[in-house]
């Protein structure tokens, strides 16, 4: 079955002027249902742990009461053996310890004897439960191992593991091939559990661990509706940056192959003051060469015979970077292998590419892991032919990538049920504009431009770029140029001072930020539990900010539904913000096309902020492959455009206007808005792309963290557990309940400690601090240098923890060895009970208790794009 949905761009009104949402919604569903993790829980063990903790609480409370009531009895006792025994008994009761034989008199009197006897009986029950716990844990862990075996044997899981780690996949295959009831090696079991938790609890985009689809809004009242069971297919793409790198390396020693490459002038070439300036691929600095007349003629259109026209100077100009020699395929080509194989023809590289293409075409239809492994070997052999003597340096994995998309229709979302929450999302994103770092950068850049070139002037973009780089690099902190450098390079340990006297507007902005924080954090101090903020409070705060603060025009909101069960109207939890302008839609749109699912055109609607010009380079990552959204593409150094409708960087100019800086086409005067829809974080892009987006583009700052605005995090590692309550704006939760904990205070499993003893200690610690048994855990290093926080970034990704799953507990304990100094626990919101029911969705391995056959709940996230026109 193939979807007939078009997924076309468009907008829907949400009930307020200038507030719209993209007509297409990206749905990301976990490949396996929450029943998988439920079946891995050691439920009886966890009930026993809770009972032990409850008995301990009773023993402590009742023991202290009894110890207090013994005080007058001890005082009334005369000299003799009874008094020391009563004192020893009181000490045992107070400390919840078993009284020794000589510490318990035959009769205590005062009605205490039966109560002490009951207390000792409770202590006996506690000890019996503790003694039985290890055996119960071992038995249930074996049962959980069978559940792990069933779920690990599903196609979505096995294919994902094959992509994630071939060695792990081989270990899984050996275990599954063994007799039923076989126990995998400890390390294998732990890694499989970690993968399974990733597949079920989060919408992880890796391989086949997640199913992606395009949903649409509907007019009916049902908030979320999936029509029938889903079917999925893998969208397989070669590792394009690796592929192009191998071809480029081969062309350096193969003149025949190099002759088939495309040649073009560096698109950043800009003549200024008698020199031709251009950016190199590394973009460390601008280079310049004398603009001689022969060189001008060579670089003038047409460029069809540029290689021949350059003659003997071709090699030198290519080496300098004035000319670019690129594989004959666009960065955003629809089919890289097929296009290259066609262009390279009978050349050995062309034959190798054709072989790789043939293997990858068969890969999604491969029925099992052995067949897929054979196809992987064919792809490796083809890539090895391109690598030549460096074939042994090919990576063990990621020669190609597979992502899962639904071939059946995505969900229908009831607009009437969603509209109130969408309006709240617009209020929240509008409110967040005052915290956007890029807004500050735009202010500083405009004021510095007026100082350097004059108000209302226009200069070539290259001149502006070079001047900016030269004058901000060594500028003193606290000066406007120094502040701008700190904003553009936040990892270089030069944080912005906040208020710069030389730029009065920054003072206005800081005042607006202070007022906005007061609007949300004032009530937070008075409400330690759940805080609900009226959206009108945020709207009022936004209304009073400076006129130069504007919201990002298009934002992707990553949300999950959290009820109520009848779903009218829906309530959401906001997981994060990302670039809009069709960014997520464009990635899924491409994957659907790669998988052969019919979809319509993918285009960006017009905007008041300028004609969109798209930055389409891969910048070293396959996640930047997407369907283009703009008719015009920016010619970027090192990136091969998809067609002739390209605006070279040398054609760009920067003009100063009262509202700020404007990017224009130097010849036509058209106002341009750079657009980037790749999935790599903007702060990881080359510096010129970052500059274009930060100063002239329209996307959220990469350091915007909305949760920390509403629920401030500790600025340094706390000395004790710090709890932050849930914060909700209208119908949208913007901050989950969080606990910030010094890592050193978390109970660890020491040498000689049994697994059951460690679980009891950890469960007791969780209970004493009010932490939930199921939560998400991450690591942080507040107060440390930015580079250190970047080093620990992988630990900052939340991982699922369930104290009733011994494997997850073991993984959590091991993770503390390499975590930052602070561990962050977040509530599980939405709870798994609120996961979306999809009839027949995904792969099944046993029905969940209480769930109708054929219906499973899957963790699902929606990417809703909101627009501020």
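The values are calculated or read from the model by the stated rules, or taken from the named source; none is laboratory data. Every value quoted in this text rests on a predicted model; they were computed, and no experiment measured them. Please note: Cβ atoms are built from the backbone with ideal geometry, for glycine as well, and neighbour counts cover all protein chains shown.
With respect to the conditions (1) more than 22 Å from residue 323 (Cα to Cα); (2) buried (at least 22 other Cβ atoms within 10 Å of the Cβ); (3) in contact with a helix residue (DSSP H, G or I) (Cβ under 8 Å, 6 or more places away or on another chain), residue 277 falls short on a single one, namely (1).
Evaluation of residue 47 against the conditions (1) at pLDDT 95 or above; (2) surrounded by 14 or more Cβ atoms within 10 Å (Cβ to Cβ) shows that the sole unmet condition is (2). Filtering segment 137-180 to residues that are within 23 Å of residue 809 (Cβ to Cβ) and over 31 Å from the mean Cα position of the chain (by Cα) leaves 137, 138, 139, 140, 141, 142, 143, 146, 175.
For segment 90-101, state whether one or more residues are modelled with pLDDT under 80 and either outside any helix (DSSP H, G or I) or in contact with a helix residue (DSSP H, G or I) (Cβ under 9 Å, 6 or more places away or on another chain) (or both). Yes, some residue in segment 90-101 is modelled with pLDDT under 80 and either outside any helix (DSSP H, G or I) or in contact with a helix residue (DSSP H, G or I) (Cβ under 9 Å, 6 or more places away or on another chain) (or both).
May I ask you to say which residue of 476, 486 is in contact with a helix residue (DSSP H, G or I) (Cβ under 9 Å, 6 or more places away or on another chain) and either at pLDDT below 65 or loosely packed, with under 13 Cβ neighbours inside 10 Å (or both)?
That would be 476, the only listed residue that is in contact with a helix residue (DSSP H, G or I) (Cβ under 9 Å, 6 or more places away or on another chain) and either at pLDDT below 65 or loosely packed, with under 13 Cβ neighbours inside 10 Å (or both).
Annotation: residue 137 fulfils all but one of (1) over 30 Å from residue 861 (Cβ atoms); (2) without any contact (Cβ under 8 Å) to a residue 60 or more places away in the chain; the unmet one is (2).
For segment 626-727, the strands (runs of 3 or more DSSP E) that sit wholly inside it and include 1 or more residues that are in the same structural domain as residue 445 (by the TED database) and more than 18 Å from residue 460 (Cα to Cα) are 632-635, 671-675. Scan segment 264-272 and give yes if some residue there is in the same structural domain as residue 347 (by the TED database), surrounded by fewer than 17 Cβ atoms within 10 Å (Cβ to Cβ) and under 40 Å from the mean Cα position of the chain (by Cα), otherwise no. For segment 264-272, residues in the same structural domain as residue 347 (by the TED database), surrounded by fewer than 17 Cβ atoms within 10 Å (Cβ to Cβ) and under 40 Å from the mean Cα position of the chain (by Cα): absent. Selection of segment 410-433 for residues being in a loop (DSSP other than H, G, I, E, B) and surrounded by fewer than 20 Cβ atoms within 10 Å (Cβ to Cβ) yields an empty set. Among the residues in segment 618-637, are any over 29 Å from residue 592 (Cβ atoms) and in contact with a strand residue (DSSP E or B) (Cβ under 6 Å, 6 or more places away or on another chain)? Yes, segment 618-637 contains a residue that is over 29 Å from residue 592 (Cβ atoms) and in contact with a strand residue (DSSP E or B) (Cβ under 6 Å, 6 or more places away or on another chain). Restricted to segment 171-286, the set of helices (runs of 4 or more DSSP H) holding at least 3 residues that are free of Cβ contacts under 8 Å to residues at least 24 places away in the same chain comprises 186-201. Exactly one residue out of 766, 776 is at pLDDT 95 or above, closer than 23 Å to residue 38 by Cα and in a helix (DSSP H, G or I): that is 766. Does residue 596 fit the bill of being within 23 Å of residue 707 (Cβ to Cβ) and at pLDDT 85 or above? Considered against the rule, which asks whether it is within 23 Å of residue 707 (Cβ to Cβ) and at pLDDT 85 or above, residue 596 comes out as no. Once segment 528-538 is narrowed to residues that are more than 14 Å from residue 513 (Cα to Cα) and modelled with pLDDT of 85 or more, the residue that is surrounded by the fewest Cβ atoms within 10 Å (Cβ to Cβ) is 536. Restricting attention to segment 326-345, the residues that are out of contact with any strand residue (DSSP E or B) (no Cβ under 8 Å at 6 or more places or on another chain) and in a loop (DSSP other than H, G, I, E, B) total 8. Checked against the criteria, residue 612 counts as in contact with a strand residue (DSSP E or B) (Cβ under 9 Å, 6 or more places away or on another chain), buried (at least 17 other Cβ atoms within 10 Å of the Cβ), modelled with pLDDT under 90 and not in a loop (DSSP other than H, G, I, E, B).
Within the option set 83, 65, being surrounded by fewer than 16 Cβ atoms within 10 Å (Cβ to Cβ) and without any contact (Cβ under 8 Å) to a residue 12 or more places away in the chain holds for one residue only, 65. In this structure, residue 804 does satisfy being part of a loop (DSSP other than H, G, I, E, B), at pLDDT 95 or above and more than 25 Å from the chain's Cα centre (by Cα).
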